Amino acid sequence: MSSAVISPVDSSPRRHPRFLLANFGIVPRLLIVCGVLALLLFGAMVYAASTGPTTIPAGDVADALLQYAGWDRGVDVTSATYRIVTVVRLPGLMVAALVGGALACAGATMQGLFRNPLADPGIIGVSAGASLGVVLAITQFATLGDSWLLTSGPLGNALWRIPAAAFVGALITAMAVYALSLQRGRTNLAALLLAGVALNSVMGAITSLLLLRSADFNSMRAVLSWLVGSLEGRGWDYFHVAKWPILISTLLILLYSRDLNLMVIGEENAQALGVNVPRTRLILLALSSLMTASAVSIAGAIGFVGLIVPHMLRLVIGPDHRVLLPVSMIGGAAFLVLADALARSIIAPELLPVGIVTALVGGPFFIFLLWRNRRTIAVF
Amino acid sequence: MTATHTTSLLQAEHIHYVHDGNVILREVTFAVAAGELVGLIGPNGAGKSTLIKIISGLWSGAKGQIILLDKLLQRYSTRQIAQIIAQVPQITALDFPFSVQQIVMMGRNPYLSRFELETQRDRQIVQRAMQRTNTLDLAERLIGTLSGGERQRVLIARALTQEPRLLLLDEPTANLDIQHQIGILGLVRNLVQHEGLGAVAAVHDLELAARFCDRLVLMREGEILANGSPAAVLTPENIQRAYDVASRAYTDPITGYLRIAVLDD
């Protein structure tokens, strides 16, 4: 037996993209990228907090925010500027950051889980499932509707019941869409998108029906604006309701990020490398649904954040979920804070629901991605 | 009762597998020892790939018993199996741009807990596996940009980083040019000879199977027709039964390889 004949390495100068800091270890890479994005997020918050009915200079806003965070910048805490920034504007910004982070992280997780760069909680119907859960709870239990979305008073009973209803709706939809799109151990892109279209329209129809049947014109406007995704009037109460499920889900998903890397290549492949695929799939589906549901229950179905943010970041830092997931979280937060600032200033003094802004940006982006992937979309 | 080989890595006994009412495997019994390359041959649909999926624990639901090292396969966790058996799968589409280095490092997954990052030792194992498969030059390339032969070598490197006892290869030479077919099988042959690995490979080409494998298992319609040395298995009678063609087998006077000439009707 002759020794192994090994073909010469192909040395053609084929271009291959290099990702940012590809030669660094994972920990420094994570620290650097997260640090840069955290600065970006802070910048976005300063910009967003400075825009509004009264424009406040960015420097004053930054000082006020830092003072509020505990770094003594010698700001007069009784001044109107400080109060506008920290009492009037900050709660909404924190909700925007939390929701944006959750949607982007859930989107990145679903893209890995479905092995599909076009998966997004909105597109595949998970957000619509969460919305339906919320509307069902609001319309069936009048007392919940009074305290959720409509008044700025204490949340009372709605505190955990509304997010719980959203979670049930999201999880059921996520499982249905997964089952519908699975073909021979991998999700088919066309089947996934079609299942999403079908589920979105069914959920949307039921949601509309419930709202029409309970026609209460006072609440209709608030519910409709929430449905397309709005951060209007969301204060600390809402932030505190959603923060724990979102942060805990993020941490747990991070523990599964290496499994996600393997699952992306194929489920049998992941199993051959020691991943308990059925269990991992269920856990990740549940956690990403929980994140989506938490975000949707406070801010409605804000679309495309989970699609755009992980996509852009993957182009820069590569597909390793151990970096991609935390980075998407911070990037998503910055993205939604900026989108919200835009929504508040485009037709000022009127407010535009932020979901409309993300749809106007994200829709064309999604069409572009479809166009670029057109060869891989085969229906049969 | 089958004789138990002390060196046996994996022993499959009376494997019977039915899928959608079709019998895919019928009473299959065979064993693999350390330091042995076993070739699975037979026409399409003979059950070669299914057998590989079942002995690797990837598919469950087969009757019969599979003994891996010293205990039943189903007593192992997915993770434990991945520390003993490594597979070289067919990867078709890759939409996510992982580098070759990252793909090979994935072979360390069975040894890393959720709370761990790869250590220097893992990186050394990856480095060594890439040396042995001559893939170091590809480390920075994206997996999606590789040719079929390069990709196959990368997947073998990944299998080696699992530090397995048993290597399973499903049609490792499918869609490869002849020089890459020889390269891949020669590489596996070398690993088996020098590292004491056991290997099972489903191989389409009978002459290549005869040339590189220690032992051949000839299958047809889910059954084993013959099991033994290449010369003993690739007889005109067996080939007639498996493929329904007349043939002559002879030793090539120049190379010394077994050759099979399929005759016209």
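The values are calculated or read from the model by the stated rules, or taken from the named source; none is laboratory data. Small disclaimer: the values here were computed from a predicted structure and weren't measured. Reconstructed Cβ throughout: ideal geometry from the backbone, glycine too, with neighbour counts over all protein chains shown. Accessible surface is based on the protein model in full, side chains and every heavy atom, while ligands, DNA and RNA are left aside. Shrake-Rupley method; radii C 1.70, N 1.55, O 1.52, S 1.80 Å.
So the values come out like this:
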read-out: Selection within segment A:78-120 - assigned to a loop (DSSP other than H, G, I, E, B), closer than 16 Å to A:H321 by Cα and of a type in the set (S, T, N, Q); value: A:N116
read-out: Selection count, segment A:242-278, where residues are β-branched (V, I, T), more than 10 Å from chain B (Cβ to nearest Cβ) and crowded, with 17+ Cβ neighbours inside 10 Å; value: 3
read-out: Any hit, segment A:324-346, residues being more than 14 Å from chain B (Cβ to nearest Cβ), open to solvent by 20 Å² or more (accessible area, probe 1.4 Å) and not in a helix (DSSP H, G or I); value: yes
read-out: Selected residue (only one of B:L117, B:L167 is touching a strand residue (DSSP E or B) at 6+ places or on another chain (Cβ under 6 Å) and either closer than 30 Å to A:N188 by Cα or not β-branched (V, I, T) (or both)); value: B:L167
read-out: Subset of segment B:43-57 (residues that are out of contact with any helix residue (DSSP H, G or I) (no Cβ under 6 Å at 6 or more places or on another chain) and either part of a helix (DSSP H, G or I) or within 13 Å of B:Q87 (Cα to Cα) (or both)); value: B:K48, B:S49, B:T50, B:L51, B:I52, B:K53, B:I54, B:I55, B:S56
read-out: Residues of segment B:20-37 satisfying the condition of being surrounded by fewer than 22 Cβ atoms within 10 Å (Cβ to Cβ) and in contact (Cβ under 8 Å) with a residue 12 or more places away in the chain; value: B:V23, B:R26, B:E27, B:T29, B:F30, B:A31, B:A33, B:A34, B:G35, B:E36
read-out: Pick from segment B:175-192, criterion at the interface with another protein chain (Cβ under 7 Å from one of its Cβ atoms) and hydrophobic (A, V, I, L, M, F, W, C), ranking: least open to solvent (accessible area, probe 1.4 Å); value: B:L187
read-out: Test: B:N109 is assigned to a loop (DSSP other than H, G, I, E, B) and either open to solvent by 20 Å² or more (accessible area, probe 1.4 Å) or facing chain A (nearest Cβ under 7 Å) (or both); value: no
read-out: Filter result for the condition that a residue is closer than 19 Å to A:G266 by Cβ and touching a residue at least 24 places away in the same chain (Cβ under 8 Å), over B:R141, B:R132, B:R79; value: B:R79
read-out: Of the criteria (1) under 26 Å from the mean Cα position of the chain (by Cα); (2) modelled with pLDDT of 90 or more, which one A:V88 fails; value: (2)
read-out: Matching residues in segment B:187-238 - criterion: being touching a residue at least 60 places away in the same chain (Cβ under 8 Å) and out of contact with any strand residue (DSSP E or B) (no Cβ under 9 Å at 6 or more places or on another chain); value: B:G196, B:R220
read-out: Scope segment A:294-312; condition within 14 Å of chain B (Cβ to nearest Cβ) and surrounded by 24 or more Cβ atoms within 10 Å (Cβ to Cβ); matching residues; value: A:P310
read-out: Matching residues, segment B:112-137, being at the interface with another protein chain (Cβ under 7 Å from one of its Cβ atoms) and surrounded by 18 or more Cβ atoms within 10 Å (Cβ to Cβ); value: B:N134
read-out: Residue under evaluation B:L58, criteria (1) open to solvent by less than 30 Å² (accessible area, probe 1.4 Å); (2) modelled with pLDDT of 95 or more, criterion not met; value: (2)
read-out: Residue that is within 14 Å of another protein chain (Cβ to nearest Cβ) and closer than 22 Å to A:V309 by Cα, where the choices are A:L93, A:L113; value: A:L113
read-out: Pairs with Cβ under 7 Å, 6+ apart, first in segment A:299-316 and assigned to a helix (DSSP H, G or I), second open to solvent by less than 10 Å² (accessible area, probe 1.4 Å) and of a type in the set (V, I, T); value: A:A299/A:V95; A:A299/A:V99; A:V305/A:T358; A:L313/A:V327
read-out: Selection within segment B:140-154 - within 11 Å of another protein chain (Cβ to nearest Cβ), open to solvent by less than 30 Å² (accessible area, probe 1.4 Å) and within 24 Å of the chain's Cα centre (by Cα); value: B:I143, B:L146, B:G149, B:E150, B:Q152, B:R153
